[in-house]
Amino acid sequence: MLAALGLAALAPRAGAARLTSLSRALTELDPPKEPPAFTFLTAKGEKRTLADYRDQGVVLNIWATWCVPCLAEMPALNHLSVLLNDFAVSVLPVSIDTKGLSAVKAYYTAQGIKSLPILLDPDGSIADAFKIDGIPASFIIDRRGRLVAQCLGAAEWDAPGAVATIRRLISGGNEPA
């Protein structure tokens, strides 16, 4: 399946997937840039774009249920969504599973993922738009709609200090973390 999409999972060399400290995994973009245009689907099949999240911060995560490092970071992203709930930041995990809704829904149910929306990109076009060759891949988009940071590989999204970093990036440094 990975080869069919032309992607590789960014797995550790041996053993179970390990999460990397967000401070080490995150690359800030200076200057920020416009994210590529792309669409994805909700669980109800409705098309969405980043424009639907205008004036919010976005943590966009590209993942799949067959990607071990992706699965390792999903609980942290779920917790991050709760931690950022009052800060107008949307955590958007977009699955590139070709089996779509059924695969993601089964995983969410089995793992108790309740704070993240089910979002889908079954043809993998989002990976093409961002020109990535491995997953998980995450992108932070500020309130002005600019791509301000990226993270390639699985990270500790809910670790101490991570929320403050994300809040700083989302606000463009204009709001206290």
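By the rule of a C-alpha distance below 23 Å, with chain neighbours fewer than 8 residues away ignored, the lysines paired with K47 are K99, K105, K114, K131. Annotation: aspartates and glutamates with alpha-carbon distance below 18 angstrom to K44 (same-chain offsets under eight excluded): D52, D97, D121, D123.
For the chain, the spread of Cα positions along the three principal axes, ordered from largest to smallest, is 42, 37, 30 Å. Charging the Cβ of each Asp and Glu at -1 and of each Lys and Arg at +1, and nothing else, the dipole of the chain about its Cα centre rounds to 140 debye. Of all DSSP bridge pairs formed entirely within the chain, close to 60 percent run antiparallel. Given springs between every Cα pair under 10 Å in a Gaussian network model of the chain, which of I62, I141, I118 has the largest fluctuation? With Cα springs under 10 Å in the chain, the top fluctuation among I62, I141, I118 is at I118.
For the chain, C151 stand unpaired, since no other cysteine beta carbon lies under 4.7 Å from theirs. With a ≥ b ≥ c the root eigenvalues of the C-alpha gyration tensor of segment 16-73, is it rounded (a/c under 1.5), prolate (a/b larger than b/c) or oblate? Oblate shape, in that a/c is at least 1.5 and b/c is the bigger or equal ratio. If you take the charge dipole of the chain about its Cα centre, with +1 on Lys and Arg Cβ and -1 on Asp and Glu Cβ, which of Y107, N85, P136 is farthest toward its positive end? Of Y107, N85, P136, it is Y107. What is segment 47-150 by shape, rounded, prolate or oblate, if you read a ≥ b ≥ c off the alpha carbon gyration tensor as root eigenvalues and call it rounded for a/c under 1.5, prolate for a/b larger than b/c, and oblate otherwise? Oblate. Ranking G145, A159, V58 by how far each Cα lies toward the positive end of the dipole of the chain (charges on Cβ) leaves A159 at the top. In the chain, the DSSP-assigned H stretches of four residues or longer account for a calculated mean residue ellipticity at 222 nm of -8000 deg cm²/dmol, using -39500 (n - 2.57) per stretch and the full residue count as denominator.
Read the figures in this text as sums done on the coordinates, not as results from a lab. These figures come from a predicted structure and were not determined experimentally. Virtual Cβ from ideal backbone geometry, glycine too; neighbours counted across all protein chains shown.
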